[in-house]
Amino acid sequence: MRANKKIHLTGFMLYGPAPHMIMSWVYPPEKMTAGKWYEIEYWTAIAKTLERGKFDMFFFADGWAGGVNDPSVKYAIQFPTHDPVTLLPYLAAVAPKLGLAVTMSTTFYEPYMVARKLSSLDHISKGRVGWNIVCSISSGEAKNFGMDELPPHELRYDRADEFMEVCYKLWDSWEPGAMLMDMERKIFADPAKVRKIDHVGKWFKCQGPLTVIPSPQGRPYLFQAGSSERGRDFAIKHADCIFAVGTGVKQMREFCDDIKTRADRAGRNPDEIKIIWGAQPLVADSESEARDRIKKIRARIPLEASLALMSGHFNTDLTRFDVDTPVSELAGLDVTGTKGMFETYSRQNPNITLRDIASSYLSGSDDNAMAGTPDQVADYMIHLIDEGGGDGFQITPAYYAPQFFEDIVDKLIPVLQKRGVFRSEYEGNTLRDYMTK
């Protein structure tokens, strides 16, 4: 790797039974030494392990839909999901160095609420909070909030742009030096440096100022995962870090080059925008053991479970279609959810079928190159960054999360540290410090 460049690593979860790997909640009860997913001990164990491994952060995705069909309930397909915002204050206390990032939707939250919550969390964590900015993708979410359908894809992003404008104004409504807490003069803050924002726009109207004093980071570290054309432009405009999915070095390099081109065009320094790739490494003492384990994990995923997950992400009922017909020939297939994710598969192979996609959707393949001994996995991770570009990996568990992350920290992290590509100690105090080192 380039001299002095370090890989960034995040632990990725949902506050639910399983994040992305379907059926990852299935584990022998006697081995669940940290408890079950709905018990705080489970999350405490993961956070402490990630901090021990010097991960940049513990990152929480979120969703407000699910449970609308039998397979999603039967197999716990990103359902149920509890509110991850409620976890962060507790985890900030038990893991006092680890960064913490949470997903909040610009489609259903209000800007003032988001700005206030995140600034408060940044205080509680002493500057270790990040925000994953999303435009909701599921019609199920819309129906839970009194809407028949989501607004069109482009409109959701247009609204999100104004949402961010309001948040920025609120975070900046306290000027530097505004808070005095002058005990002798009995003056708390300088009124000349705390101002209303009086925002009146197409979608939002907000008076301000923010009722939270400036937080350690000023504003949270901002993440975004839009991979569609509009999503990429939104990410360039707002994100400090982009989460992306790449199926190989060619596609990764194309994505990085595209982001650089867009950043240059927008007047941003592309080196200031981190790119983190989704990854699901599996490490074991031998390659054969790792291969055997991943085959067993993937073999227990029913087709209907994978289709249910895809239906939720693509925001369309895929059970209506012949799963063995190329997706390019499926009349009526209208992906209104994660367009970029769908296009990742269809661009790679124009003749790909729904069955083909389902066989590896967010679960990889039996010959996953990121499964093997710690040295093999480290070699491959370094190869991907060297050849494909980007800055690190967002790691999601393939099995019982507390044990999975222990395996990563105990087996893989020491190898990465020995290679000089991963930190041995935290540098700085805030999440922004970690991500910019």
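The values are calculated or read from the model by the stated rules, or taken from the named source; none is laboratory data. Since this is a predicted model, take the numbers as computed values, not measurements. In this analysis, Cβ positions are derived from the backbone assuming ideal geometry, glycine residues included, and neighbour counts consider all displayed protein chains.
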ask   = Are any of the residues in the stretch 156-169 assigned to a strand (DSSP E or B), touching a Pro at 6+ places or on another chain (Cβ under 7 Å) and under 26 Å from L88 (Cβ atoms)?
value = no
message = Pairs needed: first member in the stretch 148-171, aliphatic (A, V, I, L, M); second member anywhere, assigned to a helix (DSSP H, G or I); C-beta distance under 6 Å; at least 6 residues apart or different chains.
response = L150/S139; L150/A142; M164/H238; V166/P111; L170/A115
task = For the stretch 377-399, enumerate the residues that are farther than 25 Å from R128 by Cβ, at pLDDT 95 or above and buried (at least 19 other Cβ atoms within 10 Å of the Cβ).
result = V377, A378, L384, G388, G389
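I'd like to verify a number: residues in the stretch 385-435 that are hydroxyl-bearing (S, T, Y) and out of contact with any helix residue (DSSP H, G or I) (no Cβ under 8 Å at 6 or more places or on another chain), how many?
Our first condition is that a residue be hydroxyl-bearing (S, T, Y); within the stretch 385-435, this holds for 396, 399-400, 424, 426, 430, 434.
The next check asks that each one be out of contact with any helix residue (DSSP H, G or I) (no Cβ under 8 Å at 6 or more places or on another chain); those that pass are 396, 430, 434.
Qualifying residue count, the stretch 385-435: 3.
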task = Could you tell me whether the stretch 113-133 includes any residue that is loosely packed, with under 14 Cβ neighbours inside 10 Å and of a type outside the set (F, W, Y)?
result = yes
request  = Please verify whether the stretch 57-78 includes one or more residues that are touching a helix residue (DSSP H, G or I) at 6+ places or on another chain (Cβ under 6 Å) and over 30 Å from S306 (Cβ atoms).
outcome  = no
remark   = All conditions in (1) under 27 Å from C135 (Cα atoms); (2) crowded, with 20+ Cβ neighbours inside 10 Å are true of W174 except (1)
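Does D407 meet the test of being over 27 Å from L309 (Cα atoms), part of a helix (DSSP H, G or I) and either in contact (Cβ under 8 Å) with a residue 40 or more places away in the chain or among the charged types (D, E, K, R) (or both)? Walk me through it before giving the result.
Numbers: over 27 Å from L309 (Cα atoms): no; part of a helix (DSSP H, G or I): yes; either in contact (Cβ under 8 Å) with a residue 40 or more places away in the chain or among the charged types (D, E, K, R) (or both): yes.
No.
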ask   = Quick one: is S311 in a helix (DSSP H, G or I), under 23 Å from I352 (Cβ atoms) and in contact with an Asp or Glu (Cβ under 8 Å, 6 or more places away or on another chain)?
value = yes
note = Of A101, A93, the only residue that is of a type in the set (G, A, S), surrounded by 15 or more Cβ atoms within 10 Å (Cβ to Cβ) and touching a helix residue (DSSP H, G or I) at 6+ places or on another chain (Cβ under 9 Å) is A101
key: Where a residue in the stretch 189-209 is free of Cβ contacts under 8 Å to residues at least 40 places away in the same chain and basic (K, R) and its partner, wherever it lies, is in a strand (DSSP E or B) and surrounded by 14 or more Cβ atoms within 10 Å (Cβ to Cβ), with Cβ under 9 Å and at least six apart   = K193/W174; K193/M179; R195/W174; K205/H199
ask   = Among the residues of the stretch 54-71, is there at least one that is without any contact (Cβ under 8 Å) to a residue 40 or more places away in the chain, assigned to a helix (DSSP H, G or I) and farther than 27 Å from D122 by Cβ?
value = yes
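Can you name every residue in the stretch 232-291 that is in contact with a Pro (Cβ under 8 Å, 6 or more places away or on another chain) and either touching a residue at least 60 places away in the same chain (Cβ under 8 Å) or not small (G, A, S) (or both)? Lay out the reasoning, then the answer.
Within the stretch 232-291, the first condition is being in contact with a Pro (Cβ under 8 Å, 6 or more places away or on another chain), and the residues that meet it are 259-260, 263-264, 280, 283.
The answer is I259, K260, D264, Q280, V283.
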